[in-house]
Amino acid sequence: MNITLNNNEEIPALGLGTWRARQDDVYKAVLKALDVGYRHVDTAVVYGNEEEVGRGISDSSVARDEVFLTTKLWNTMHTKEDAAGQIDECLARLRTDYLDLVLIHWPGSYERNAAVWSAMEAAVDAGKIKSIGVSNFNIHHIHALAENARIQPAVNQMECHISLQNTRLQEYLDSKGMVLEAYAPFKSDRIKDVLDNRTLKEIGSAYGKTPTQIVLRWLLQRGVVPLPKSVTPSRIEENLQVFDFALTDDDMLAIRKLNKGERTFPEPDNVDFGFVHL
Ligand SMILES: NC(=O)c1ccc[n+]([C@@H]2O[C@H](COP(=O)([O-])OP(=O)(O)OC[C@H]3O[C@@H](n4cnc5c(N)ncnc54)[C@H](OP(=O)(O)O)[C@@H]3O)[C@@H](O)[C@H]2O)c1
C-alpha cells in the first residue's frame, strides 16, 4: 500500500525504523525486511548506520528503485554549504545516487532551518533527492519554513503513538498536503505500555492480532505512516502482517481515548542537542 505525496511521489505506507540498530544487526534487519516485503527504510546520519543500511539494500534481491529510502540531516548542519556536504556524504554511505526522502531531523532557529532547506531544494534540482521534509517540527516551524520555501515539505516525522496521538497536528499537516510519519509507534523503550494495554489486547483478540499490530493498523487507518523498528526477524515479519484486516470505527474510537498527551521523546521547542550555536 502506498500514499501519494504532495509532489506525486509514492511512499510505502509502512517503513522499517533503524534507530539504535547497529552494524550486523541492522544489515540483517534490512535484508530480512526487504525479503519479507518491506519497501521502505528509515535511517539518519546520527544513527551511525547508513553504511550498513546501504549495504543491506545493495546486497538484497530488491532493486534500488523499488526501495523508498529516507535519511535525516543532523542538527550540526547550520549553513547551506554544510547541509549540501552532508547530503553528498549520505549518498556515498548509503551507496546510492539518489535518496527518496531527506528530512531536517530537528528544528533549530527559523534562519538555520531555511538555510538547510535551501540545500535540500538544490539537491532536488540536481536529482540527488526526490522528496524533502521535516521531523520534530511544530506548526510554527513549518509555517515559517513554508513561507519562504520554493518546494513545500512533503512529510513531518513526529513521535506518534497511543499516548501521544498528534491528531490536531495531523489536521494541520493535511491542510498543507503533508503526510504525518509516526516515529516510536510502540513508544520506543516504553513498549511495555503497548504490549500490556488492555484495550489493545482486547481489540487484538477479536482479530487474532498482537497489540503492536493493532497499533500499526490504527496508524495506517489514520493515514499516518508508521516506522516500527525491529532487529528481530519474527517481529520484522509480524509488524508487516497488518494489511489483512481492518479496525472498526468503534475500535478506532477506543484507541483514540487512550491519548494522554504523554511524550517519550523531548519536546522540539525545548531541546537543543547537537546545536552548537543557537
Ligand atoms: N525523527 C526522529 O527524531 C526519530 C526519533 C526516534 C525514532 N525515529 C525513527 O522511528 C523508528 C521507530 O522508533 P523507535 O525505534 O524509537 O521505537 P519503536 O519502533 O516504537 O519500538 C522499538 C522497540 O520495539 C521492539 N519491537 C519491535 N517490534 C516488536 C513486536 N512486534 N513485539 C515486541 N517488541 C517489538 C524493538 O525490539 P527489537 O528491535 O529488539 O525487536 C524495540 O525495542 C526509529 O527506529 C527511527 O527510524 C525517528
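The values are calculated or read from the model by the stated rules, or taken from the named source; none is laboratory data. If you're wondering where the values come from, they're calculated on a predicted model, not measured in any experiment. Cβ: placed from backbone, ideal geometry, glycine included. Neighbour counts: every protein chain shown.
Checking the structure you have, find out if any residue of the stretch 206-225 is exposed (fewer than 13 other Cβ atoms within 10 Å of the Cβ) and either under 19 Å from Asn2 (Cα atoms) or over 18 Å from the mean Cα position of the chain (by Cα) (or both). Before you say what the answer is, go through the steps one by one.
Residues of the stretch 206-225 that are exposed (fewer than 13 other Cβ atoms within 10 Å of the Cβ), as a first pass: 206, 208.
Filter once more, so that each one left must be either under 19 Å from Asn2 (Cα atoms) or over 18 Å from the mean Cα position of the chain (by Cα) (or both): 206, 208.
Yes: the stretch 206-225 contains one or more residues that are exposed (fewer than 13 other Cβ atoms within 10 Å of the Cβ) and either under 19 Å from Asn2 (Cα atoms) or over 18 Å from the mean Cα position of the chain (by Cα) (or both).
Mind listing whichever residues of the stretch 1-31 are surrounded by 21 or more Cβ atoms within 10 Å (Cβ to Cβ), farther than 16 Å from Ser131 by Cβ and touching a residue at least 60 places away in the same chain (Cβ under 8 Å)?
Leu14, Leu16, Gly17, Thr18, Ala21, Val26, Ala29
Can you give me the number of residues within the stretch 75-116 that are surrounded by 15 or more Cβ atoms within 10 Å (Cβ to Cβ), more than 16 Å from the ligand (Cβ to nearest atom) and part of a loop (DSSP other than H, G, I, E, B)?
Of the residues in the stretch 75-116, 4 are surrounded by 15 or more Cβ atoms within 10 Å (Cβ to Cβ), more than 16 Å from the ligand (Cβ to nearest atom) and part of a loop (DSSP other than H, G, I, E, B).
Within the stretch 53-74, can you find the residues that are farther than 16 Å from Leu227 by Cβ, in contact (Cβ under 8 Å) with a residue 24 or more places away in the chain, surrounded by fewer than 23 Cβ atoms within 10 Å (Cβ to Cβ) and not aliphatic (A, V, I, L, M)?
Of everything in the stretch 53-74, those that are farther than 16 Å from Leu227 by Cβ, in contact (Cβ under 8 Å) with a residue 24 or more places away in the chain, surrounded by fewer than 23 Cβ atoms within 10 Å (Cβ to Cβ) and not aliphatic (A, V, I, L, M) turn out to be Arg55, Ser58, Asp59, Ser60, Ser61, Arg64, Glu66, Trp74.
Kindly evaluate Lys201 against the criterion of being farther than 25 Å from Gly56 by Cα, over 15 Å from the mean Cα position of the chain (by Cα), part of a loop (DSSP other than H, G, I, E, B) and modelled with pLDDT of 95 or more.
no
When you go through (1) within 8 Å of the ligand (Cβ to nearest atom); (2) within 29 Å of Asn7 (Cβ to Cβ); (3) among the hydrophobic types (A, V, I, L, M, F, W, C); (4) surrounded by fewer than 19 Cβ atoms within 10 Å (Cβ to Cβ) one by one for Leu195, which number turns out not to apply?
Among (1) within 8 Å of the ligand (Cβ to nearest atom); (2) within 29 Å of Asn7 (Cβ to Cβ); (3) among the hydrophobic types (A, V, I, L, M, F, W, C); (4) surrounded by fewer than 19 Cβ atoms within 10 Å (Cβ to Cβ), the lone unmet condition for Leu195 is (2).
Taking the criterion of being without any contact (Cβ under 8 Å) to a residue 40 or more places away in the chain, within 16 Å of the ligand (Cβ to nearest atom) and part of a loop (DSSP other than H, G, I, E, B), would at least one residue in the stretch 40-51 satisfy it?
So far as the stretch 40-51 goes, yes, one or more of its residues are without any contact (Cβ under 8 Å) to a residue 40 or more places away in the chain, within 16 Å of the ligand (Cβ to nearest atom) and part of a loop (DSSP other than H, G, I, E, B).
Looking only at residues in the stretch 237-258 that are within 16 Å of the ligand (Cβ to nearest atom) and either small (Gly, Ala, Ser) or touching a residue at least 40 places away in the same chain (Cβ under 8 Å) (or both), which one is surrounded by the fewest Cβ atoms within 10 Å (Cβ to Cβ)?
For the stretch 237-258, the residue satisfying everything is Phe243.
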